[in-house]
Amino acid sequence: MIGEPLTLSQTNPVLEAQGLTRRFGGLVAVNDVSFTVQKHEIFGLIGPNGAGKTTLFNVMTGLIPASSGNLIYQDENISKLRPYQIANKGIARTFQNIRLFGELSVLDNVAIARHIHSRSQNPVLSLLSGILALPESNAMERQTQRKARELLDLVGLGDRVAEPAKNLPYGDQRRLEIARALALEPTVLLLDEPAAGMNPNEKQKLSDFIREVREQFNLTVILIEHHVPLVMGLCDRIAVLNFGQLIALGEPAVVRNNPAVIEAYLGDEK
C-alpha cells in the first residue's frame, strides 16, 4: 500500500492523474502514476533528481503528451488538450528555469498574461476592439493594468513595476513568475521548485506567501520542491517519485517515515 487514507474531504477532487506514463524511446520517465488532488489542497511532489517530477508537470500542462493514461480536471478529460487550452481551463504553472520576458518591464510581464486571459474569453471581440480602438478596448486595457498592479503589490513588487524583469534579484524573479501565473486566474497553480536559489529566510517567507495566495485566491497548489523542511511544513499531502514511479503518497508524517522514501530520497534529511 503506497499511502495512508486521506484525511481531507474527498468530496472535492479537482485533479486526478490516472496511470500517467511518458516514454522517451526506451526510457520510461513517468511510469503509471496515479493520484488525486483535492480542492484547496497544497500537494507536494518530491523525489531524487531525475525521478520524473518536471516531466510529470510537463505532461499535466500539455507541454508534452502522455504516452498513456489520463488527466481528469473537474470531471473532464484534458489529456489531449494543448497548453493554452489547459491554461484557459484554469491550470497555470511556473517553471524550474525562470521564463520571464527579461527586456520587458515587471508590469508588462504580468499584463501580458492578463491580456491572454482576457482575450481567451472572446477573442474576436477583443481583436476588433483593439483594431478599432473602441471604448471596450480602452476599458479592458485599464482593467488589465490595474489587475497587474494589484498582483505585483501582492507579491511585494509594486514599487518595481517599471524595471526590466532581468534586473530583478533571483528571488524577486520567482515572485514575478508567480504573479504572472496568478494573472491567468487559475484554479490550480503548479509551482516547479519555487524556492530554488533562496536562502532559509526567503524560503520561510515563500512558504507563508504560498499559504496566503492559496487562501486569497481559493487555489489548489501543486509544487515540486527539493527543500524537504519546506515541503514537510507546507504541504497537506506529498507524493514521492523515484525512477518515474510513485513510491509513496500521504500526509507528511506518513511519508517522512516511509522506509522506501528514506532509502530513495530522504536519508538523513528526515
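Overview of values
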| item | result |
| --- | --- |
| Single condition VAL213 does not satisfy, out of (1) among the β-branched types (Val, Ile, Thr); (2) within 22 Å of GLU16 (Cβ to Cβ); (3) under 14 Å from the mean Cα position of the chain (by Cα) | (2) |
| Every residue from region 40-54 that is within 15 Å of CYS235 (Cβ to Cβ) and either hydroxyl-bearing (Ser, Thr, Tyr) or under 16 Å from the mean Cα position of the chain (by Cα) (or both) | HIS40, GLU41, ILE42, PHE43, GLY44, LEU45, ILE46, LYS53 |
| Of residues in region 156-189 being assigned to a loop (DSSP other than H, G, I, E, B) and β-branched (Val, Ile, Thr), the one farthest from THR54 (Cα to Cα) | VAL161 |
| Single unsatisfied condition, THR36 versus (1) closer than 24 Å to PRO259 by Cα; (2) in a helix (DSSP H, G or I) | (2) |
| Residue match in region 236-250 (condition: surrounded by fewer than 17 Cβ atoms within 10 Å (Cβ to Cβ) and more than 30 Å from ARG23 (Cβ to Cβ)) | no |
| Residue within region 156-166 that is surrounded by 16 or more Cβ atoms within 10 Å (Cβ to Cβ), among the β-branched types (Val, Ile, Thr) and farther than 29 Å from TYR265 by Cα present | yes |
| Some residue of region 123-142 being farther than 25 Å from ILE86 by Cβ, among the basic types (Lys, Arg) and at pLDDT below 90 | yes |
| Residues within region 95-115 that are in contact with a helix residue (DSSP H, G or I) (Cβ under 7 Å, 6 or more places away or on another chain) and either part of a helix (DSSP H, G or I) or within 14 Å of GLU185 (Cβ to Cβ) (or both), tallied | 8 |
| Lone qualifier among ILE178, ILE222 - being farther than 26 Å from ARG160 by Cα and out of contact with any helix residue (DSSP H, G or I) (no Cβ under 6 Å at 6 or more places or on another chain) | ILE222 |
| Residues of region 59-101 that turn out to be of a type outside the set (A, V, I, L, M), touching a Lys or Arg at 6+ places or on another chain (Cβ under 8 Å) and over 18 Å from LEU219 (Cα atoms), as a count | 4 |
| Top-ranked residue in region 61-91 [being in a helix (DSSP H, G or I) and out of contact with any Phe, Trp or Tyr (no Cβ under 9 Å at 6 or more places or on another chain); ranked as nearest to ARG23 (Cα to Cα)] | PRO83 |
| From the options ARG114, ARG119, residue that is buried (at least 22 other Cβ atoms within 10 Å of the Cβ), over 21 Å from PRO13 (Cβ atoms) and at pLDDT below 80 | ARG114 |
| Filtered residues of region 190-219 (kept if in a helix (DSSP H, G or I), in contact (Cβ under 8 Å) with a residue 24 or more places away in the chain and among the charged types (D, E, K, R)) | GLU202, LYS203, ARG211, ARG214 |
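The values are calculated or read from the model by the stated rules, or taken from the named source; none is laboratory data. If you're wondering where the values come from, they're calculated on a predicted model, not measured in any experiment. So basically every Cβ, Gly included, is an ideal-geometry build from the backbone, and we count neighbours across all protein chains shown.
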